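Q: Have a look at this one before I ask anything.
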Amino acid sequence: MNKPKTPPAKPALSTSLIHHAYEPPAGFDAPQPGVYKASTVIFANTQAMRERTWKEKAGYTYGLHGTPTTFTLEERIATLEGGLQSLLLPSGLAAIALTDMALLRAGDELLIPHNAYGPSKELARHDLAQWGITHRFYDPMDVQSLEAAITPATRLVWLEAPGSVTMEFPDLPALLRAARAKGVLTALDNTWGAGIAFNAFDLTPEQGGERLGVDISMHALTKFPSGGGDVLMGAVTTRDEALHLRLKFAHMRMGWGVGANDAETILRSLPSLPLRYEAQDRSARMLAQWWSQRTEIVQVLHPALPGSPGHEHWQALCGGAASLFSVVFDERFASAQVDAFVDALKLFKIGYSWAGPISLVVPYDLATLRPQQAWRGSLVRFSVGLEAVGDLIADCEQALDSALSSSR
Ligand SMILES: Cc1ncc(COP(=O)(O)O)c(C=O)c1O
């Protein structure tokens, strides 16, 4: 007798990103999705035009509201994130703005971690404030700080893991529980985790039928999904249909479409995302370890390194750790000396963004960056690219020697 076949195990994410549902045009069975460009989409007759609604994905109505290329990318981002539906936006920051603008109205209050991506805070300070939406900052490393900040007017809590630049890794499940206990929606900036380090929609094992996960995951596709430092895009992913529709209708009303060529560039990069993430993570950890032995600095901020703020929360939740870390220079070095070190780097280029093939650095003044904390002095944020890690270490060493050797 034939043994019953055991169902195939759920494929790994890296496999799913390659063997992903896609229907090529009839008679052209190539696995690579095409680049479909359109503003106008032709209808066969007036009845077909009237029957097709731009609020559904059952058909195409107008290039702004989706093409086969953008719908395919949306589906793959939802798979990557562990969600059900995604929306694409022209940048990560636009994805943050959509979330705020779709879910908040005058009189509502928004809570943001004090170490959040800076422009998200600026949006709240300027535009949201002008529309009568208030915001407050909370300390993401102190759950009670979030609990105390929630009021009856709070409608949305932003989360970020780890915080931008200073890399503190919060206790995400505890923050989520605090928000959920008060019935407040949560949105995670999941750019660092990228769908690889942890699953934002399944943060804890299912307990008593309850899954602990974020309501919204926002992802700057500009970083790992692009991987080339050449495309700007963002995504907002959900698992809840009603929430997705609230975001989607606002997205449509605001006209935030993305170009087909950009979408295709990201589609092309997605299958290599898990490999790039792992390689850049490995190099970043090696470089961070090397920095931890240097006497010019007082701290390495990298969630996978013991002693980094929130290391235990990273350990409880994550496998991977992306490609970013920061070092805090000893205060005996003036900011001009730290700038001289940054200028002396040859392979590391000075520039914003991260997760591309080129390693990047940005220097920050801690007193301005984190006035809430006692940290002072200069911090340098490293984004590790795809160069050989030995060359990157040698670059840091030669820059330290040439810029700081007289003050050691
Ligand atoms: C954590 C984080 N979120 C969001 C963004 C915004 O992405 P974009 O540059 O696509 O607007 C960035 C960009 O650096 C980021 O680092």
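The values are calculated or read from the model by the stated rules, or taken from the named source; none is laboratory data. None of the values given here were measured: they were computed from a predicted structure. As a convention, Cβ positions derive from the backbone with ideal geometry for all residues, glycine included, and neighbour counts pool all protein chains shown. Only protein heavy atoms, including side chains, enter the accessible area calculation; ligands, DNA and RNA are left aside. Shrake-Rupley method; radii C 1.70, N 1.55, O 1.52, S 1.80 Å.
Q: Assuming Arg136 fulfils every condition listed in (1) over 17 Å from Ala250 (Cβ atoms); (2) open to solvent by 30 Å² or more (accessible area, probe 1.4 Å); (3) of a type outside the set (S, T, N, Q); (4) without any contact (Cβ under 8 Å) to a residue 24 or more places away in the chain apart from one, which condition is it?
A: In the conditions (1) over 17 Å from Ala250 (Cβ atoms); (2) open to solvent by 30 Å² or more (accessible area, probe 1.4 Å); (3) of a type outside the set (S, T, N, Q); (4) without any contact (Cβ under 8 Å) to a residue 24 or more places away in the chain, Arg136 misses (4) alone.
Q: Of all residues in the range 252-280, how many are open to solvent by 50 Å² or more (accessible area, probe 1.4 Å) and of a type in the set (Lys, Arg)?
A: Of the residues in that region, 2 qualify.
Q: Scanning for something open to solvent by less than 30 Å² (accessible area, probe 1.4 Å), in a helix (DSSP H, G or I) and either more than 16 Å from the ligand (Cβ to nearest atom) or touching a strand residue (DSSP E or B) at 6+ places or on another chain (Cβ under 8 Å) (or both), does the range 289-299 turn up at least one residue?
A: yes
Q: Another question about this same structure. Is there a residue in the range 92-100 that is more than 30 Å from Gly307 (Cβ to Cβ) and open to solvent by 50 Å² or more (accessible area, probe 1.4 Å)?
A: There is at least one residue in the range 92-100 that is more than 30 Å from Gly307 (Cβ to Cβ) and open to solvent by 50 Å² or more (accessible area, probe 1.4 Å).
Q: To continue, here is another question. Tell me which of these Ser283 doesn't satisfy, since it passes every other one: (1) in the same structural domain as Ala94 (by TED's automatic domain parsing); (2) over 26 Å from Lys57 (Cβ atoms); (3) crowded, with 18+ Cβ neighbours inside 10 Å; (4) away from the ligand (no atom under 12 Å from the Cβ).
A: (1)
Q: Here's another thing I want to ask about it. Among the residues of the range 136-151, are any closer than 19 Å to Leu185 by Cα, of a type in the set (Val, Ile, Thr), part of a loop (DSSP other than H, G, I, E, B) and at pLDDT 95 or above?
A: Yes, the range 136-151 contains a residue that is closer than 19 Å to Leu185 by Cα, of a type in the set (Val, Ile, Thr), part of a loop (DSSP other than H, G, I, E, B) and at pLDDT 95 or above.
Q: Counting just the residues of the range 367-389 that are without any contact (Cβ under 8 Å) to a residue 40 or more places away in the chain and outside any loop (DSSP other than H, G, I, E, B), which one comes out least open to solvent (accessible area, probe 1.4 Å)?
A: By that ranking, first place goes to Ala367.
For every residue, the table says whether it meets (1) within 17 Å of Leu88 (Cα to Cα); (2) surrounded by fewer than 11 Cβ atoms within 10 Å (Cβ to Cβ).
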site: Leu13; (1), (2): no, no
site: Ala21; (1), (2): no, yes
site: Phe28; (1), (2): no, yes
site: Pro33; (1), (2): yes, no
site: Phe43; (1), (2): no, no
site: Thr46; (1), (2): no, yes
site: Phe71; (1), (2): yes, no
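Q: Need the failing condition index for Glu160 against (1) more than 13 Å from the ligand (Cβ to nearest atom); (2) buried (at least 20 other Cβ atoms within 10 Å of the Cβ); (3) closer than 25 Å to Leu93 by Cβ, just the number.
A: (1)
Q: Moving to a separate point now. Residues in the range 232-247: is at least one buried (at least 18 other Cβ atoms within 10 Å of the Cβ), without any contact (Cβ under 8 Å) to a residue 40 or more places away in the chain and within 16 Å of the ligand (Cβ to nearest atom)?
A: no
Q: Determine if the range 89-105 includes at least one residue that is free of Cβ contacts under 8 Å to residues at least 40 places away in the same chain, within 16 Å of the ligand (Cβ to nearest atom) and not assigned by TED's automatic domain parsing to the domain that holds Leu324.
A: yes
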